[in-house]
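The values are calculated or read from the model by the stated rules, or taken from the named source; none is laboratory data. Every value quoted in this text rests on a predicted model; they were computed, and no experiment measured them. Cβ placement follows ideal geometry from the backbone for every residue including glycine, while neighbour counts extend to all protein chains displayed.
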Amino acid sequence: MYRRCDAPAILPGVGLRYVYCMLIELGHFALILAFGVALVQMIVPLVGAHRNNAAMMAVAEPAAITQFLLVGFSFAVLTWAFVTSDFSLKLVYANSHTDKLMIYKISGVWGNHEGSMLLWILILTLFGAVAALFGGGLPARLQARVLAVQASIGVAFLAFILFTSNPFLRLAVPPLNGRDLNPLLQDPGLAFHPPFLYLGYVGLSMSFSFAVAALIEGRVDAAWARWVRPWTLAAWMFLTVGIALGSWWAYYELGWGGFWFWDPVENASFMPWLIAAALLHSAIVVEKREALKSWTILLAILAFGFSLLGTFIVRSGVLTSVHAFANDPARGVLILIILAVFLGGALTLFAARAGAMESKGVFSTVSRESALILNNILLAVSAFVVFIGTVWPLVAELLFDRTLSVGPPFFDAAFTPFMVGLAVILPLGSMLAWKRGTLGRAAKPLGAWLILAVALAGLAFAIQSGHSALGPIGVALGVWVVGGALADLWMRGGRESWALRLTRIRRLPRADWGKAVAHIGMGVTIFGIAAITAWQKEDIRVADIGDRWSVGQFSFQLDEVRQQQGPNYVTTMADMSVWQGDRQLTVLTPEKRFYPVANMPTTEAAIRNGILRDIYVVIGDPQVNGGYAVRVYVKPFANWIWGGAMLMALGGALSLSDRRLRVGAAAPKKMAKAVPAE
Amino acid sequence: MRRLLIILLLVAAPVWAVEPGEMLDDPALEARAREISQGLRCPVCRNESIDESHATLSRELRIVLRERIVAGDTDAQAVDFMVARYGEYVLLRPDARGANLILWLAAPAMLVLSLGVGWATIRRRRTAPAALTDAEQAELDKILEA
């Protein structure tokens, strides 16, 4: 491609060819233009909203769309450069290779600092454009302010990318081939992990923009909550999927089946997830009962604050972790400044204006509102635990001159109680009536489930070997939460015949189904985590070809080990047959790969997935005295962890598709006043 | 870039944490060793315990740890032995001494505080009159005057 640009321009169609070799520069230019558009979109509508000038406010919509189109073009150009392996681009040279599979050439676009920041901005402008296109139902002033705030985030990050992380830098002499993408990242799970996480992170920018716009406006009402909830829901869903993908990737790729490490980078995505979950629940209270307004605004600000903090942690590498692929303090400082300006600015505005957000709803001590306050306290404090654990090594070193680590044992001990508490109150709280509830009435349909939960936990305790309480507690909580969600659905069917009940349940609003499905997912995940942690079996040994040994109820045989050549790696592959009694279940082929260009080995575990258990085998190095090191794991209910997460995301999607929230739907009809039963 | 590569290499080298040759014959002692080593950080890695790390140093530490256990150390003595040599940095579960009290007490304190605020909010909402706020009253007055 580079060469073609040097060719003398004597052929017909010269103009087109000229444009073709200028493509990279056009992409770069589009990005600079987008910065200018964002500047305009930040200032003009805000002034317009202040002066009540319709023409100035009207600038926001086309500006948001233009900004998205410009960034989109720029992103497309960068993707094109990766797809065609244009090594005249420094970024492509550093992160790609001609032998790489096409899907990883494309995922290589965001498998590096500069490209991932461009993806971040692309998603930011995408959300802005969506809000502009489908925000017709919003009051004009609110929409203008929301888009202006959204644009200000765009200005900050476009400046960041243009001045410190420009993906469009050229090399004077393009090399023949690239240095390849980190082989760990050449994986389907990880290829789509960052886009989902970013959709989540950046989606929370919309909630932030709505919160700041509401603060400028000085009013928050049920309608505001109804507009902000879909954005939060969508962001939370994407975060859920992104986190689950990352965890699943770690499970099969890192070679011993760990699924969560409390690594700073994981925590960086987990904190916004927790806060977004709290925000989802508190926004319901604002929408239905016009209470908890200022708290909801604060959560919206904090959720995006944690997203920015996450971006800072990942991009600066200040908290060293397995994930720190970008170690550049200068960039870190800039993101920290952005974080300080946005969070500081929003919180100052909050301090000045929150007092004006008078809540209206009155509720008694025992009510859904109180239960949701408790839910919010547990979620917010658990996010705080993750936060303090994540930054403590930094704080201890700076202030107390102690070099220390905060690892999984701390988080397991300090974080788990909050999730246990949340699971315990969830079924009760979600059954309580709004405004004034009675514990007895809420608890009645749950009695049977409580008995079942305790009985199954006892059964699990009797069956398991050892006296660990973790597994049984997981069983009890899982049954309790899932049963609670089912009982909630069942109660909503009314008190008539079964057939009538089922029809009614089927016709419940999607939001109710979403709530049930998401809560069931939470129960499933809790059970899966407890089960795998308490009951997994591990076996490490040296095995010769033909050796057979048993782990739990399965036996394993190492049949063959051979060398093979992959597209951009060489691999040592083993055939291991898995038996249950005399029946052969399967042959698993664990691999050890070596990527010569990146000079990196990776482990490819072989996994037989099952509903009740995964069988997980890893092949290691040949031993001095012959044979190979082999690891075998039996991991009970592993898939339930991610299955539960997918259910949570599905619940979010169902809720999002509820009529009430559909973006751009006609003005919500007045809710019919419920006639009291008595 | 070179440093990054080396680090990545350390991180991504074949995942051979505990090798068959290192393991103790007595399953009870081996189980204790695994348990302890899961709480000790590999000093040259990023956020990995010596149990899951494949760095050479981790391997050596695992062997030393097992030697201590075979020699009759209690769990606490074995951990102290490591801390004496590599500092509290190797503890993945920081002790609750000195400034670390802040770390351990922050969450419970925050919980108590927010439960207090939450309770106060609930009480206030229970008694709050559903009347107009000052702002609304002012707005209403303005409308009525006009």
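One table, with the values for the structure above:
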item: Candidate set: segment B:92-118, residues that are surrounded by 12 or more Cβ atoms within 10 Å (Cβ to Cβ) and among the charged types (D, E, K, R); chosen: the one farthest from the other protein chains (Cβ to nearest Cβ); result: B:D95
item: Sole exception among (1) over 20 Å from A:G523 (Cα atoms); (2) more than 7 Å from chain B (Cβ to nearest Cβ); (3) part of a helix (DSSP H, G or I); (4) of a type in the set (A, V, I, L, M) for A:V366, by number; result: (3)
item: Test: residue in segment A:110-131 that is of a type outside the set (G, A, S), outside any helix (DSSP H, G or I) and within 27 Å of the chain's Cα centre (by Cα); result: yes
item: Residues of segment A:408-425 classified as out of contact with any Phe, Trp or Tyr (no Cβ under 8 Å at 6 or more places or on another chain) and away from chain B (no Cβ under 11 Å), total; result: 5
item: Test: A:S382 is under 30 Å from A:A442 (Cα atoms), surrounded by fewer than 23 Cβ atoms within 10 Å (Cβ to Cβ) and in the same structural domain as A:A291 (by TED's automatic domain parsing); result: no
item: Any hit, segment A:389-397, residues being outside any helix (DSSP H, G or I) and within 14 Å of chain B (Cβ to nearest Cβ); result: no
item: First in segment B:55-73 and hydroxyl-bearing (S, T, Y), second anywhere and surrounded by 14 or more Cβ atoms within 10 Å (Cβ to Cβ), Cβ under 6 Å, 6 or more apart; result: B:S58/B:C42; B:S58/B:I50
item: Count of residues meeting criterion [under 32 Å from the mean Cα position of the chain (by Cα) and either touching a residue at least 12 places away in the same chain (Cβ under 8 Å) or on the phi > 0 side of the Ramachandran plot (or both)] in segment A:453-492; result: 25
item: Count - residues of segment A:513-539 that are surrounded by 22 or more Cβ atoms within 10 Å (Cβ to Cβ) and closer than 22 Å to B:P20 by Cα; result: 1
item: Complete set of residues in segment A:586-604 that are modelled with pLDDT of 90 or more, assigned to a loop (DSSP other than H, G, I, E, B) and of a type outside the set (S, T, N, Q); result: A:P590
item: Qualifying residues in segment A:398-407 (those that are within 7 Å of another protein chain (Cβ to nearest Cβ) and in a loop (DSSP other than H, G, I, E, B)) - the one surrounded by the fewest Cβ atoms within 10 Å (Cβ to Cβ); result: A:T403
item: Residue match in segment A:186-200 (condition: of a type in the set (S, T, N, Q), in the same structural domain as A:M357 (by TED's automatic domain parsing) and touching a Gly at 6+ places or on another chain (Cβ under 9 Å)); result: no
item: Hey, A:V561 of a type outside the set (D, E, K, R) and within 16 Å of A:A605 (Cα to Cα) or not; result: yes
item: Condition broken by A:I540, with the remaining ones in (1) in a helix (DSSP H, G or I); (2) in contact with a helix residue (DSSP H, G or I) (Cβ under 6 Å, 6 or more places away or on another chain); (3) among the hydrophobic types (A, V, I, L, M, F, W, C) satisfied; result: (1)
item: Which listed residue is assigned to a helix (DSSP H, G or I), among the hydroxyl-bearing types (S, T, Y) and within 12 Å of another protein chain (Cβ to nearest Cβ), from A:S430, A:S382; result: A:S382
item: Long-range neighbours under 8 Å by Cβ, at least six apart or interchain, first residue not assigned by TED's automatic domain parsing to the domain that holds A:I297 within segment A:134-163, second basic (K, R); result: A:F160/A:R331
item: Looking only at segment B:17-36, and only at residues there that are of a type in the set (G, A, S) and more than 9 Å from chain A (Cβ to nearest Cβ), the one that is nearest to the chain's Cα centre (by Cα); result: B:A33
item: Pick from segment A:577-613, criterion touching a helix residue (DSSP H, G or I) at 6+ places or on another chain (Cβ under 6 Å) and of a type in the set (S, T, Y), ranking: nearest to A:I545 (Cα to Cα); result: A:T602
item: Residues of segment A:208-253 satisfying the condition of being within 14 Å of chain B (Cβ to nearest Cβ) and either of a type in the set (G, A, S) or surrounded by 22 or more Cβ atoms within 10 Å (Cβ to Cβ) (or both); result: A:G218, A:V220, A:A250, A:Y251
item: Matching residues in segment A:433-447 - criterion: being assigned to a helix (DSSP H, G or I), in contact (Cβ under 8 Å) with a residue 12 or more places away in the chain and among the small types (G, A, S); result: A:A442, A:A443
item: Filtered residues of segment A:580-627 (kept if touching a residue at least 40 places away in the same chain (Cβ under 8 Å), under 14 Å from A:E253 (Cα atoms) and more than 11 Å from every other protein chain (Cβ to nearest Cβ)); result: A:I607, A:Y616, A:V617
item: Residue in segment A:252-266 that is part of a helix (DSSP H, G or I), in contact with a helix residue (DSSP H, G or I) (Cβ under 8 Å, 6 or more places away or on another chain) and modelled with pLDDT of 90 or more present; result: no
item: Residue list for segment A:121-149, restricted to those being surrounded by 22 or more Cβ atoms within 10 Å (Cβ to Cβ) and among the aromatic types (F, W, Y); result: A:F127
item: Filter pass, A:Q557 being more than 14 Å from every other protein chain (Cβ to nearest Cβ) and without any contact (Cβ under 8 Å) to a residue 24 or more places away in the chain; result: yes
